[in-house]
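Enquirer: Shown below is the structure under consideration.
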Amino acid sequence: MAMLKILQYPNPKLKRRGKKVAKIDDNIRKIIADMFETLYNSENCAALAACQLDLADPPHITVIDLSPDKTQPMCLVNGEIIAREGEMHEEEGCMSVPASTFEKVKRSHKIKVRALDQEGKPQEFEAEGYLAKCVQHELDHLDGRIFLDRLSSLKRKLVDKRITKWYRQHD
Ligand code: ZN
């Protein structure tokens, strides 16, 4: 297993889309193992999508572990949201966005998710609150989108300015 580099905004590679996985083969299994390795060895990391990692051709995979003691790994392959309900407006941050950027983003409060697990077995589950927010955030990454893309243009400009300044101070 190996740690993967987490791409940092505004790296244009963050706009790539995840490639649908046709078969769970050794290559995909290795990527999933490396993603969990990276998740568990990065501070304050609850979830990662393949598109935010420095992979040549990122597959449509996200790994999540929201448990405080990191004992509940979840892997979504080809994940999609098949139903939505309600609305929430909660703060989000991202391993790919520097400068301790946290902003409120509008999301569905409750979702129904369809995906394959890491063995390729179909799964369907409902999620709400934190897990729902997390799944929507990660599936956005696999669509080439980050949470900043969901801010108003005014807010986005302010955040971009703050991040540019942060990079200048941390070079
Ligand atoms: Zn993120």
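Enquirer: Can you tell me which of His141, His89, His137, His109 is touching a strand residue (DSSP E or B) at 6+ places or on another chain (Cβ under 9 Å), surrounded by 15 or more Cβ atoms within 10 Å (Cβ to Cβ), more than 17 Å from Thr62 (Cβ to Cβ) and at pLDDT 95 or above? So that I can check it myself, show each step before the final result.
Expert: Working: His141 fails: more than 17 Å from Thr62 (Cβ to Cβ); His89 fails: surrounded by 15 or more Cβ atoms within 10 Å (Cβ to Cβ); His137 fails: more than 17 Å from Thr62 (Cβ to Cβ).
Unique residue meeting the criteria: His109.
Enquirer: Taking region 1-29, which residues are of a type in the set (Gly, Ala, Ser) and open to solvent by 70 Å² or more (accessible area, probe 1.4 Å)? Walk me through how you get there before you give the answer.
Expert: Taking region 1-29 and keeping what is of a type in the set (Gly, Ala, Ser), we get 2, 18, 22.
Within region 1-29, just Ala22 meets the criteria.
Enquirer: Also, quick follow-up: Which one of Val21, Val63 is away from the ligand (no atom under 16 Å from the Cβ) and either modelled with pLDDT of 95 or more or touching a helix residue (DSSP H, G or I) at 6+ places or on another chain (Cβ under 9 Å) (or both)? I'd like the intermediate steps shown before the answer.
Expert: On the way: Val63 fails: away from the ligand (no atom under 16 Å from the Cβ).
Val21 is the lone residue from the list that is away from the ligand (no atom under 16 Å from the Cβ) and either modelled with pLDDT of 95 or more or touching a helix residue (DSSP H, G or I) at 6+ places or on another chain (Cβ under 9 Å) (or both).
Enquirer: Can you name the number of the only condition in (1) away from the ligand (no atom under 16 Å from the Cβ); (2) surrounded by 13 or more Cβ atoms within 10 Å (Cβ to Cβ) that Ser152 fails?
Expert: Evaluating Ser152 over (1) away from the ligand (no atom under 16 Å from the Cβ); (2) surrounded by 13 or more Cβ atoms within 10 Å (Cβ to Cβ) leaves (2) as the failure.
Enquirer: If I filter region 36-53 down to residues being within 16 Å of Val77 (Cβ to Cβ) and free of Cβ contacts under 8 Å to residues at least 40 places away in the same chain, which single residue comes out as farthest from the ligand (Cβ to nearest atom)?
Expert: Phe36
Enquirer: Which members of region 115-129 meet the condition of being surrounded by 13 or more Cβ atoms within 10 Å (Cβ to Cβ), over 16 Å from the mean Cα position of the chain (by Cα) and either free of Cβ contacts under 8 Å to residues at least 12 places away in the same chain or assigned to a strand (DSSP E or B) (or both)?
Expert: Listed by number, the residues that qualify are Leu116, Gln123, Phe125, Glu128.
Enquirer: Restricting attention to region 35-58, report how many residues are out of contact with any Cys (no Cβ under 9 Å at 6 or more places or on another chain) and open to solvent by 10 Å² or more (accessible area, probe 1.4 Å). Walk me through it before giving the result.
Expert: Filtering region 35-58 down to residues out of contact with any Cys (no Cβ under 9 Å at 6 or more places or on another chain) leaves 37, 40-45, 48-51, 53-57.
In the following step, the residues that additionally are open to solvent by 10 Å² or more (accessible area, probe 1.4 Å) were identified as 37, 40-44, 54-57.
Matching residues across region 35-58 total 10.
The values are calculated or read from the model by the stated rules, or taken from the named source; none is laboratory data. None of these values were measured; they are calculated from a predicted model. Glycine gets a Cβ as well: all are built from the backbone with ideal geometry, and neighbour counts include every protein chain shown. Heads up: the accessible areas ignore ligands, DNA and RNA and are worked out on the full protein's heavy atoms, side chains in. Shrake-Rupley method; radii C 1.70, N 1.55, O 1.52, S 1.80 Å.
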